[in-house]
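Here's the structure we're looking at; comments come further down.
The values are calculated or read from the model by the stated rules, or taken from the named source; none is laboratory data. Source: prediction; values computed, not measured. With ideal geometry, Cβ positions are generated from the backbone for all residues, glycine too; neighbour counts draw on all protein chains shown. Protein only, heavy atoms only, side chains kept; ligands, DNA and RNA dropped before computing areas. Shrake-Rupley method; radii C 1.70, N 1.55, O 1.52, S 1.80 Å.
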Amino acid sequence: MDAERRQTLEETTRYDPAEVEGRILERWLEGGYFHPPAEGTPEENFSVAIPPPNVTGALHMGHALNGSIQDALVRMRRMQGRNTLWVLGTDHAGIATQAVVEKELRSEGISRHDLGREKFVQRVWEWKERYGSRIVEQYKRLGASCDYERERFTLDEGYVRAVVRVFKSLYDKGYIYRDNYMVNWDVGSRSAISDLEVENREVEDRLYEIDYPVEGSERTLTVATVRPETMLADTAVAVHPDDERYQDLIGGYCILPLVGRRLPIIADDRVDPEFGTGALKITPGHDPNDFEIGRAHGLEEVTVIGEDGRMTEAAGERFAGLTAAEAQEAVVAALRDEGRLGGEQPYVHAVPYSHRSGQRIEPLISLQWFCRMDELAKPAIEVVERDRVRMVPEQWKRVYLDWMHRIRPWCISRQLWWGHRLPVWYGPQDEIVVAESEAEAREAAAASGIDPESLRREEDVLDTWFSSAIWPFATLGWPDTEAPLLRAFYPTDFLATAREIIFLWVARMVMTGLEFVGEIPFSDVYITSVIQAPDGRRMSKSLGTGIDPLDEIDRYGADGIRFGLLTMSSSQDVPYSQGRVRQGLDLANKMWNASRLILLNANPAVIEAQASGAVVPGPRPTRVEDGWILTRLQRSIETVSTNLDSYDFAHAARELYRFFWSELCDWYLEIVKPRLYDGEPEVGATLLWVLEQTLALAHPVMPFVTEEIHSYLRAAAGAEGAEMLVIHPFPGGDAALVDEEAEREVEASIELTRRVRGWRDLVGVAAGSVLPARVASGDGKPPHELVARLARLDFGGAGGEPLATFGPIEILASAEVDAEQVRQRIEDRRRKLSAEVERGEGKLANEGFVSNAPSDVVEAEREKLAAYKSELEELG
């Protein structure tokens, strides 16, 4: 190590993430470590396709958690020697991106219609060039080891080619079709959206009862509705065929108030006789259930609410042009004037809203493009049922399968300008031509006797999720089936994603992967937990509960937030814990200072490079504590590796913390400091080897601090040209380094030391005082010398009466300790412990608590009770 680096190591007493992270990232990128060659087979290699963030997006806590999880696995596999690719890219996000640019235009006093389609799309591309890489740069700050040289975009040239190939193939098979059908119309974005983009909110409306006069009698049929404005589009009234109240009316007619239209009274078993009066107004143009009933009975489909959310001419002169909300007030007033309003009351129910615009959905009949999903779903169900695609946690397997068994046609067209324009052309008589390019469309039209000059292109674009569905293979070069990346890395191995897009994205990727490549797109799907606000509410800017992960990186470093988020991850949603993130920064500082202690004090003779590529030679254990730390390291390697392999990221991170902080620093370093300061080569060699292995073990979780420390280790060894830690071999278990006898002996000594230290704290012994002690049982030999040194006991000194007994040793009275004070403090502690035991036993005897409290709370209470009893027993 040169003098300048040594001076830096000596003077830098706190790890500074802001100074380190940018520099380390630049070295990783310059080294090309994230850019694997397109060689090998998918079985040999390891690959992950990042869930592509929206091009409009900024890094949020979900991205940070997901990125930390993926990167931990990617880095481990890379270090294990596998050719590893983490596919990076962004999604064009049709509705979201168009909305952002339209907002920008409004601030300039113009609209997209003023520009026209071509200029508007060009404007969006310009916006994308300015801002589209923002989230990619933010992923770099997190330390995500994606292949930044192969970044993809769902509207890049190769991706567009893949999308139109998929569309045409599905159309040719009869899966894609055009139809007038009920859709979820988003008035805010002026587009149809899929069922999966709709969120139900609980809303309090008014439930109105309206009297419809029965033709040719004095009777009325009373219907109940929360949307009286839609009655203007009623084309029937339905009752249940077994409802005795209306048997004589079935087949007759009633008159629609305000309009005068004759409505047939029909029988349909989908009517709930228990709801309202049991008579249901049927509005096929504005209700999904009524639409199905209307189609079954051949009813007319009247539309009185338009795509702009206002009433159409079909609503009548006095209502046309009003918004739906205004029309509701006007209709209610008119009904009241005519004496047709039977009553009203508050009614709480679920109402569909657009997840995109936030506005209330208008169910409308619209001419749209759909994709039939039943045939595509069958093999995608089978691979999950057989666990070829494995869902983790397993509970999501049933959720996936339940939805797939009930899958409906997918509305894939959107009334937008930004996105994948449907590869569809129309002839003068609305003849449909589907082709992969305009040239092919013209050729196909001519072959069908259609004048190519008459063709006009479909205006709609595809649902963003249609293009996202082919992400795992389109990003690797498909439809070129011989593309080197596709051959080397498909299928991918792992997908980490959120539960809300299991149907929107995961299921569709499984379907398209099987359909177009003939293979599953990934083998394991890990569904991440949701990180909530600290108070348990959802994180939201509008609620003021959002926490920006970039602010947290500024405060605690990327390693801090990665460690914190991984320890928070679980199968349950969890509140965000800044304490866990701070713990990550504390661990980085602990690593830095422990490494400084080792590197500045190890005998230089033992720091040398090896031909094998290791920076330092192997360990040289000579004492029992050396065998113990090597054994504990092997145990930790096994635990961390197993946890990462099984996607238990929280326990992997916690094990790293426990081993480094407790066993390596608190115990082993404290035990061997005298040997280290004396320049003993053997302990120096062991410490350096353990340090290097521990850095490699922690690197997938905390890459920046471990890489920085490793650079000093390489410099100290005169091996600065050696490869960086990012591709250092990941530690593997070595049974030859396990010494169970040493493990038992040192563990017993550590436990004894803990107990003595606890007693000293309890009775108030000064930290520097050395107390006399003797061996009271066993073979009479003093325990391992570390007990004497770390617990500050003198087994050769004279003392008085025994004050306390710990296993084979007794601590004796001396001038350092006031025996009466000891007895008094122990008695006080006994009383407190007895009270806690009584409280804990009473709580656990309460059947209501045990049955109703969360299992982890009950288990924690049992553990506390056991600890109190154990301490009480020890005090005698």
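Here are the numbers for this structure:
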{"read-out": "16 Å cut-off, amide nitrogen to a point 7 angstrom out along Cys665 Cα→Cβ, residues in region 17-43", "value": "17"}
{"read-out": "Share of carbon and sulfur in the accessible heavy-atom surface of the chain [1.4 Å probe, %]", "value": "46 percent"}
{"read-out": "Separation of alpha-carbon centers, region 854-876 and region 163-214, rounded to whole Å", "value": "57 Å"}
{"read-out": "Largest to smallest principal axis extent of the C-alpha atoms in the chain, angstrom", "value": "117, 67, 52"}
{"read-out": "Farthest positive-ward along region 521-568 dipole, Cα basis, beta-carbon charges - from Gly536, Pro521, Thr567", "value": "Gly536"}
{"read-out": "Given charges at Cβ of Lys, Arg, Asp, Glu: the chain dipole, positive-most of Ser437, Val223, Leu364", "value": "Ser437"}
{"read-out": "Lys, Arg +1 and Asp, Glu -1 on Cβ, resulting dipole of the chain about Cα centre, debye, nearest 20", "value": "1340 debye"}
{"read-out": "Spherically averaged projected area in nm², based on the convex hull that wraps the Cα atoms of region 751-876", "value": "9.0 nm²"}
{"read-out": "Nearest-10 value in Å² for the accessible area of Thr686, using the 1.4 Å probe", "value": "0 Å²"}
{"read-out": "Note, ³J(HN,Hα) from phi for region 503-510, Karplus 6.51, -1.76, 1.60, rounded to Hz, x at Gly and Pro", "value": "8, 4, 10, 4, 4, 5, 5, 5"}
{"read-out": "Asp524 long-range amide H proximity, modeled H, under 5 Å", "value": "Arg390, Phe494, Leu495"}
{"read-out": "Potential lengthening between Gln572 and Glu500 on full extension [0.36 nm per residue; Cα-Cα distance subtracted]", "value": "24.5 nm"}
{"read-out": "From phi via Karplus (6.51, -1.76, 1.60), per-residue ³J(HN,Hα) for region 268-273 in Hz, x at Gly/Pro", "value": "8, 6, 7, 6, 8, x"}
{"read-out": "Descending Cα extents along the principal axes, region 219-366, whole Å", "value": "44, 35, 31"}
{"read-out": "Radius 14 Å from Cβ of Glu655, net charge of other residues (Lys, Arg +1; Asp, Glu -1)", "value": "0"}
{"read-out": "Ellipsoid semi-axes in whole angstrom, largest first, where each is sqrt(5λ) of the Cα gyration tensor of region 26-150", "value": "36, 14, 12"}
{"read-out": "Proportion of all alpha-carbon pairs of region 389-445 beyond 15 Å (%)", "value": "69 percent"}
{"read-out": "Taking region 357-438 and dividing mean pair separation by its residue count, relative contact order in percent (alpha carbons under 8 Å, at least six apart)", "value": "30 percent"}
{"read-out": "Positive minus negative residues near Arg390 (Lys, Arg vs Asp, Glu; Cβ under 12 Å)", "value": "-2"}
{"read-out": "Equivalent-ellipsoid semi-axes of region 499-574, from the Cα gyration tensor, Å, largest first", "value": "32, 16, 12"}
{"read-out": "Linear extension gain, Glu344 paired with Ala867, 0.36 nm per residue minus alpha-carbon span", "value": "182.1 nm"}
{"read-out": "Per residue, the convex hull volume that the Cα atoms of region 112-209 enclose (Å³)", "value": "255 Å³"}
{"read-out": "Burial order of peptide ranges 620-627, 860-867 (average beta-carbon count within 10 Å, highest first)", "value": "620-627, 860-867"}
{"read-out": "Helix 819-845 axis, angle to the chain major axis (alpha carbon atoms, nearest 10°)", "value": "30 degrees"}
{"read-out": "Shape metrics for region 662-781, restricted to C-alpha atoms - Rg then Dmax, Å", "value": "19.0, 57"}
{"read-out": "Spread of Cα-to-Cα distances over 5 Å intervals beginning at zero, given as percent, for region 144-259", "value": "2, 7, 10, 11, 12, 11, 9, 9, 8, 6, 5, 4, 3, 2, 1, 0"}
{"read-out": "Cα centroid separation, region 358-418 to region 548-582 (Å)", "value": "33 Å"}
{"read-out": "Calculated from backbone phi, Karplus (6.51, -1.76, 1.60) coupling profile of region 160-172 in Hz, x at Gly/Pro", "value": "4, 4, 5, 5, 5, 5, 5, 4, 5, 4, 5, 5, 4"}
{"read-out": "Accessible surface, per residue, of region 111-266 when the full set of protein chains is kept, probe 1.4 Å, Å²", "value": "45 Å²"}
{"read-out": "Rg/Rh (Cα only; Kirkwood hydrodynamic radius) as it applies to region 299-429", "value": "1.11"}
{"read-out": "Beta bridges by DSSP in the chain, antiparallel share as percent, to the nearest 5", "value": "75 percent"}
{"read-out": "Coordinate range along principal axes, alpha carbons of region 380-515, Å, largest first", "value": "56, 36, 27"}
{"read-out": "Under-5 Å amide H pairs with Leu207, H placed in peptide plane, nonlocal only", "value": "Gln345, Tyr347"}
{"read-out": "Relative contact order %, region 305-423, counting alpha carbon pairs below 8 Å whose residues are six or more apart", "value": "18 percent"}
{"read-out": "Mean Cβ neighbour count within 10 Å, used as a protection proxy, ranking 747-758, 2-13 highest first", "value": "747-758, 2-13"}
{"read-out": "log10 of Debye I(q)/I(0), alpha-carbon scatterers only, for region 804-876 at 0.13, 0.24 Å⁻¹", "value": "-0.52, -1.06"}
{"read-out": "Percent RCO, i.e. relative contact order, over the chain, from Cα pairs under 8 Å lying at least 6 residues apart", "value": "13 percent"}
{"read-out": "Farthest positive-ward along region 740-876 dipole, Cα basis, beta-carbon charges - from Val822, Ser834, Gly796", "value": "Val822"}
{"read-out": "D_trans [Stokes-Einstein, Kirkwood Rh over alpha-carbon pairs] for region 465-526, 37 °C, 0.692 mPa s, µm² s⁻¹", "value": "283 µm²/s"}
